[in-house]
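Rule-based calculations on the coordinates, nothing more; no lab input. Everything quoted here is computed from the prediction, not taken from an experiment. Glycine gets a Cβ as well: all are built from the backbone with ideal geometry, and neighbour counts include every protein chain shown.
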């Protein structure tokens, strides 16, 4: 039987795909969808260097390979340019968030995780100071909000966050900074979130977006839940599930954790046992509601749409908070 879209996705989103033939896979549907969802570079690498082509049509391999090469060049350009801009920064505590952090700490190759923009977390009192420092490297301020600054040099956007969790969670935001781990490649002032915090921060971002998010973000969650098994050293360790549950309770994001991690379990069955231990404390009625509103629709691949009632859903999953509340 020919591979389904889900089969094709699972094989080509793996960091260690088993040798398999993908003859007859739904390439016309998969290729455009995978590229739009940030999955193209990883799929291309697997096809070319792990699976020997896997009987994929030449046009599909060529299209995906061009995306891989573009992602590699774009990521390297953005990250090297940013490293140059901040290389001399001393004595600060700045946390690299999301894709830029994950490209080097979760993914075996920097090309696998497209980095569209850069997001940084820092004390709110340091926002204007860092914005001024980055202005020396032609990153100009394009928008300013009470706890947010957005800069751009015309190619790369940098968003400076003076907190992630909103009013009333200032102590939790300080703890995020305190627990952060060094990212030596960017200099002594740069850090990344501890894995437990990174998982919750990514889930909160998905919920804030009403789950109108690229599928590559579920690959991020897969690797965080599994403990980054493809990496080595400090980047690879089991997730502390008890800490995740406790912080989710304090942040009031248990529903978002349920929705996001259940989608991950549906897409990647190897995570199912860990996901169950993260989400067992929700009431059956709440589970059923989230399964119908979020999990079932998002676990169906190949669709790009905003979840129905997205604004109401954001509030339901994030304790009434919205990104604008920051």
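Shape class for the range 233-299, computed from the alpha carbon gyration tensor (a ≥ b ≥ c): oblate, with a/c not under 1.5 and a/b at or below b/c.
Please compute the Kirkwood hydrodynamic radius over the chain, one decimal place, Å, based on all pairs of different Cα atoms. It would help to have the intermediate numbers written out before the result.
Values: mean 1/r = 0.0487 Å⁻¹.
Hydrodynamic radius (Kirkwood, Cα only) of the chain equals 20.5 Å.
Dividing the mean sequence gap of close Cα pairs (under 8 Å, 6+ apart) by how many residues the range 16-148 holds gives a relative contact order of 22 percent. Scoring 68-77, 108-117 by mean Cβ neighbours within 10 Å over their residues and listing the highest first yields 108-117, 68-77. Taking packing as the residue-averaged number of other Cβ atoms within 10 angstrom, the listed peptides 46-57, 170-181 run from highest to lowest as 46-57, 170-181.
Prolate is the label for the range 194-321. Its Cα gyration tensor axes, ordered a ≥ b ≥ c, give a/c of at least 1.5 and a/b above b/c. Its relative contact order, with pairs defined as Cα atoms under 8 Å and 6+ residues apart, puts the chain at 16 percent. Overall, the ratio between the Cα radius of gyration of the range 89-192 and 2.2 N^0.38 Å, rounded to two decimals, is 1.05. Extension gain, residue 23 to residue 185: 0.36 nm times the residue separation minus the Cα-Cα distance gives 54.2 nm.
Beta bridges assigned by DSSP with both partners in the chain are antiparallel in approximately 70 percent of cases. Compared with the direct C-alpha span, the chain from residue 59 to residue 250 gains 63.8 nm at full extension, assuming 0.36 nm per residue. Residues 183, 31 in ascending order of nearby Cβ atoms (within 10 Å, fewest first): 183, 31.
A simple spin-label model places the labels of residue 16 and residue 136 4.5 nm from each other, with each point 7 Å out along Cα-to-Cβ. What whole number of Å gives the distance from the Cα centroid of the range 90-145 to the Cα centroid of the range 51-89? Comparing the Cα centres of the range 51-89 and the range 90-145, I get a distance of 20 Å.
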